[in-house]
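Notes follow once the structure below has been shown.
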Amino acid sequence: MRILYLLFAVILLLFQAAPGSSDPLFADTAECKSQGNFCRVGACPPTFTVSGSCHGGLLKCCAK
């Protein structure tokens with residue numbers, strides 16, 4: 001029974017991740033988010049304009 005507690009602790013340590021520690025998959029997405037913008041699948045909301053692309057051109061980067 002004690003081995004379960006140890007195993008649980010080891011599994012938690014293995015799958016622990018710090019936010020922001022991984023490299024971004026797409027450079028255009030990182031650039032969009034670093035400028036304070038956001039990515040969207042469809043058209044940008046009415047008060048926003050398209051300022052680029054995200055996820056390799058699949059999404060639109062919306063800016064105020």
Self-check item: Inter-label distance for GLN35 and ALA9, nm, one decimal - labels placed 7 Å from Cα along Cα-to-Cβ
Solution: 4.9 nm
Self-check item: Enclosed volume per residue, in Å³, of the convex hull spanned by Cα atoms of the chain
Solution: 124 Å³
Quiz prompt | Cut-off under 5 Å, modelled amide H: who pairs with CYS54 long-range | solution = LEU59, LYS60, CYS61
Quiz item: Which whole-number value in Å² is the accessible area per residue of the chain, probe 1.4 Å?
Solution: 83 Å²
Self-check item: With Cα atoms, 0 to 90° folded angle of helix 2-14 axis to the chain main axis
Solution: 20 degrees
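The values are calculated or read from the model by the stated rules, or taken from the named source; none is laboratory data. The model shown is predicted, which means the values in this text are computed figures rather than measured ones. Glycine gets a Cβ as well: all are built from the backbone with ideal geometry, and neighbour counts include every protein chain shown. SASA here: full protein model, heavy atoms, side chains in, ligands and nucleic acids out. Shrake-Rupley method; radii C 1.70, N 1.55, O 1.52, S 1.80 Å.
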